[in-house]
Amino acid sequence: MNRIIFFTILLGLIFIDLKAQKISVDRIEADGTHQIMTNTEDFVIGGTKYSFGMKVFESSFSKEWFLLISSFLYISDYTNVLLKLGNGDIVYLPVNNVHVGKVTMPSYGVTIGTITSITPSTQADYYSSVYELKEEDMNKIDIYGISKIRISNGVEYFDKKYRSNSLGKFLTKCRKSIKKRLDNPLKSGDIFDDF
């Protein structure tokens, strides 16, 4: 009986660790600023999959926080994001920057009976956008959570309501992971250390 309880707790801890937010980028830029970025998580909004993440640029004078949103769906230079918090407040995030990259979509085959149709690999546009987050807005997200998001590309918008605050919880975990790394930076060594 004790073994079953032990293994149940162990599996729970492993699952929590798998869902923990990881740091994907931690580097010093050419201008001396420290950039830390989390990995992303997918959320479906208006039937479209968007990947969300967070990053910070820290210099000796400032700390700038950014929300990252990327998708195969077109994201324009006029995109705006609205976050409705659990207390009814609305956080308005105008796009700061949009980057378009090319992604190779793999080929695949479909077999129907004895006939196989093969679709060749193709190039697709992948849009990455950046939105500045203010410290007070992040504090409100931590406290009240996010009940609704709206993404507008200037022509149409897509909404998603959250009952479980999954997006808000994710952003809070991102922020905690980044803060933990800022407080405990990686030790960088010289190539000749202990050689």
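The values are calculated or read from the model by the stated rules, or taken from the named source; none is laboratory data. Note that the structure is a prediction, hence the values are computed from the model and not measured. Cβ coordinates were reconstructed from backbone atoms using ideal geometry, including for glycine residues, and neighbour counts include every protein chain displayed. Note: areas computed on protein heavy atoms with side chains; ligands, DNA, RNA excluded. Shrake-Rupley method; radii C 1.70, N 1.55, O 1.52, S 1.80 Å.
Couple of notes before you dig in:
- The number of residues in the range 172-181 that are open to solvent by 40 Å² or more (accessible area, probe 1.4 Å) and either free of Cβ contacts under 8 Å to residues at least 12 places away in the same chain or not basic (Lys, Arg) (or both) comes to 2.
- For first residues located in the range 93-111 and in contact (Cβ under 8 Å) with a residue 24 or more places away in the chain, partners that are part of a strand (DSSP E or B) and of a type in the set (Asp, Glu) and lie 6+ apart or on another chain with Cβ distances below 6 Å form the pairs Asn96/Glu132; Val100/Asp125.
- Failed condition for Lys169, given (1) surrounded by fewer than 18 Cβ atoms within 10 Å (Cβ to Cβ); (2) more than 13 Å from the chain's Cα centre (by Cα): (2)
- A single member of Lys84, Lys63, Lys55, Lys19 is of a type outside the set (A, V, I, L, M, F, W, C), within 19 Å of Thr172 (Cβ to Cβ) and modelled with pLDDT under 90, and it is Lys19.
- Taken over the range 112-153, the residue count meeting the criterion of being on the phi > 0 side of the Ramachandran plot and open to solvent by less than 30 Å² (accessible area, probe 1.4 Å) is 1.
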